[in-house]
1. Mind listing whichever residues of region 253-267 are under 22 Å from the mean Cα position of the chain (by Cα) and without any contact (Cβ under 8 Å) to a residue 60 or more places away in the chain?
2. Residue pairs, Cβ under 6 Å, 6 or more apart or interchain, first in region 183-198 and closer than 13 Å to Ala216 by Cα, second among the aliphatic types (A, V, I, L, M). List them.
3. Mind checking whether some residue in region 123-143 is closer than 20 Å to Arg210 by Cβ, modelled with pLDDT of 95 or more and either assigned to a strand (DSSP E or B) or open to solvent by less than 10 Å² (accessible area, probe 1.4 Å) (or both)?
4. Within region 178-214, which residues are more than 21 Å from the chain's Cα centre (by Cα), under 18 Å from His272 (Cβ atoms) and buried (at least 16 other Cβ atoms within 10 Å of the Cβ)?
5. Restricting attention to region 268-286, report how many residues are free of Cβ contacts under 8 Å to residues at least 40 places away in the same chain, in a loop (DSSP other than H, G, I, E, B) and open to solvent by 60 Å² or more (accessible area, probe 1.4 Å).
6. So which of Ser172, Ser177 ends up being in contact with an Asp or Glu (Cβ under 8 Å, 6 or more places away or on another chain) and part of a helix (DSSP H, G or I)?
7. Surrounded by fewer than 18 Cβ atoms within 10 Å (Cβ to Cβ) and modelled with pLDDT under 95: does that describe Gly258?
8. Within region 23-38, which residues are closer than 12 Å to Leu80 by Cα and within 19 Å of the chain's Cα centre (by Cα)?
Amino acid sequence: MSLIRIVLFVALAAFITSPIRADSLQRADGSLITYHLLNRTTEGRQSLILMLQGSGCGPVIERKWLRTEPPVLAPGRAVLAIEKYGVADGNITANGSEDGCSLAYWRGNTLHQRVFDATQTLAHLRKEEWWDGELIIYGGSEGGAIAAMLAPLIPEARSVIIFSSGIGVSVSDLIRSAVPPPVAAQLPAILKEAKANPSATKRFGGASYRWWADAADIIPARLLLQTDVPILFIHGTRDQFAPLSTARATQTMFIEAGKNNLVYREFKGYDHFMIDEAGIDHREEVLGFMAAWLEENQRAD
């Protein structure tokens, strides 16, 4: 059994038996932010890791990785996960659903809303005595964009890990580079319509026009440049959803800005999910690399 597997087995055994706390905060519009705290001990102070999920309306609390990855990445830390707008809200059933997601999700979920929700949740937790004031921000795919946008806003951030996320170009350019040419040709007209009418009922590529109007022109790495905390950015060279050039653009941006707080690492032959061409899953290897980087970064502090 590999060392990573042994660490995972021991840490996960303790993690699974730890309590999960679900709580909520009210947004300015009266809707609820639902957030979850895992691995929160009942005694002493703890650091915190914020786990930011990718796209889609599936509840983050049901994601398997939420329980398997934090014990490897940040053993002993409390884990924070925040549901998206319209997910895990008590009014979902009453408000109905469409295309497998709540109407509230289609109406309210945007990149900026996710950043606002995380900022509000962390501001609330800042008042709790158990949190020792140290935070790791971790996100992949769309969650990586949120991590990039959030990091400079949170003074407690000590390190950031982003993976499989084309944050170095605008969201519209990212999508244009990832979809087939016939779809890419339609994109300018779709985005123009979305900006003119950011409707919750019209959708493209699994997101509402409201989401597209908010996201289209955002280049998340521009905000990531504004933090000086250590950043680890991991990308697979075979990523089919965030082409390699969209990740390398972030590295170029940091070099041109004269910043040296970014560690950029490519994993040759791995796709968006860290799976190679033979279908072998290398997520465990990548997590081990992340964990080693975090440990080294802590020693440097």
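The values are calculated or read from the model by the stated rules, or taken from the named source; none is laboratory data. Here the structure is a predicted model, which is why all the values come from computation and not from measurement. With ideal geometry, Cβ positions are generated from the backbone for all residues, glycine too; neighbour counts draw on all protein chains shown. Side chains are part of the model used for accessible areas, which takes the heavy atoms of the whole protein and leaves out ligands, DNA and RNA. Shrake-Rupley method; radii C 1.70, N 1.55, O 1.52, S 1.80 Å.
1. Matches in region 253-267: Phe254, Asn261, Leu262, Val263, Tyr264, Arg265, Glu266, Phe267.
2. Partner pairs satisfying both residue conditions: Leu191/Ala216; Ala194/Ala213; Lys195/Ala213; Pro198/Ala213.
3. yes
4. Those that are more than 21 Å from the chain's Cα centre (by Cα), under 18 Å from His272 (Cβ atoms) and buried (at least 16 other Cβ atoms within 10 Å of the Cβ): none in region 178-214.
5. Within region 268-286, residues that are free of Cβ contacts under 8 Å to residues at least 40 places away in the same chain, in a loop (DSSP other than H, G, I, E, B) and open to solvent by 60 Å² or more (accessible area, probe 1.4 Å) number 4.
6. Matching residue, one of Ser172, Ser177: Ser172.
7. Spelling it out, it is not the case that Gly258 is surrounded by fewer than 18 Cβ atoms within 10 Å (Cβ to Cβ) and modelled with pLDDT under 95.
8. Hits for region 23-38 are Thr34, Tyr35, His36, Leu37, Leu38.
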